[in-house]
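Heads up: the structure comes next, in structure tokens.
Bear in mind that the values in this text are calculations on the coordinates, not laboratory data. Remember, predicted model here, so these are calculated numbers, not experimental data. All Cβ positions, even for glycine, are placed from backbone atoms using ideal geometry, and neighbour counts span all protein chains on display.
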């Protein structure tokens with residue numbers, strides 16, 4: 001009977017391990033160091049050292065107390081050895097993971113520079129996060145993991161300012177972290193984010209994505225969009241990625257704005 005209780009408790013622990021691994025490992029793979037399997041090893045080692053072994057010892061202690069038994073030297077040595085190895089692997093994985101966030105790199109580039117048709121409003125469109133999929137791990141209001149892909153709206157910032165000439169200019173600044181400067185620059189290329197200009201309309205995603213095999217290294221994307229003074233701007237919807245106060249509020253939706261030397265003003269107030 002006692003043996004069955006012990007086996008049942010261990011089986012439940014292993015089941016919890018498998019379930020938590022199913023939901024947690026896709027995200028762990030993105031923050032773990034290369035090779036990814038090292039992150040998996042550290043994850044399981046941590047669960048064994050901090051979860052499974054303490055549970056086994058608790059059950060074994062209860063059985064010994066009730067039945068008047070004593071744990072053998074072999075059992076103590078075996079459980080101690082497994083705990084030490086698991087705990088060391090867990091700590092080493094944490095250290096190597098943290099090393100991938102030590103150095104930071106930042107690069108800027110001009111991604112668009114076009115003339116605008118001043119006779120037509122300049123439309124700003126944002127592709128929203130798809131909130132219909134409930135099978136996901138939510139990290140914040142704008143960041144979640146779904147089907148192995150990481151969607152991060154917190155990592156995108158968009159600023160609008162008056163242009164110095166008659167051209168629309170979009171500058172993108174990417175930043176990321178890594179084990180060294182070279183790896184930080186390489187990690188900057190992982191995020192996938194769409195920004196398109198068609199006629200007098202610009203469309204951009206409200207998030208960037210990381211695929212199953214990409215690594216999360218605190219990547220951020222900043223867009224500085226310079227709009228010629230006098231341009232009429234139509235905002236389709238507000239979004240938290242906008243840093244301009246006028247465009248973060250829903251009050252700005254559907255309004256016609258005009259770019260002035262001092263920033264945006266509602267057209268009727270200009």
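Annotation for residue 245 and residue 213: the two label points, set 7 Å from Cα along the Cα-Cβ direction, are 4.7 nm apart. Between residue 236 and residue 161, the distance separating the two model label sites (each 7 Å from Cα on the Cα→Cβ line) works out to 2.6 nm. Principal-axis analysis of the Cα atoms of the chain puts helix 73-99 at an angle of about 10° to the longest axis. Relative to the longest principal axis of the chain, what angle (0 to 90°, nearest 10) does the C-alpha long axis of helix 36-47 take? Roughly 50 degrees, rounded to the nearest 10. In terms of surrounding Cβ atoms within a 10 Å radius of their Cβ, 189, 103 rank from fewest to most as 189, 103.
Of the options [x] 55; [y] 49; [z] 59, only one is percent of Cα pairs over 30 Å apart as computed from these coordinates, and that is [y]. If both residues of a DSSP beta bridge must be in the chain, then about 70% of such bridges are antiparallel. Report note on the peptides 70-83, 89-102, 211-224: ranked by the mean count of other C-beta atoms within 10 Å, highest first, their order is 211-224, 89-102, 70-83. Between the Cα long axis of helix 53-67 and the first principal axis of the chain there is an angle of about 30°, rounded to the nearest 10. Note on residue 104 and residue 66: the extension gain reaches 8.0 nm, defined as 0.36 nm multiplied by sequence separation minus the Cα-Cα distance.
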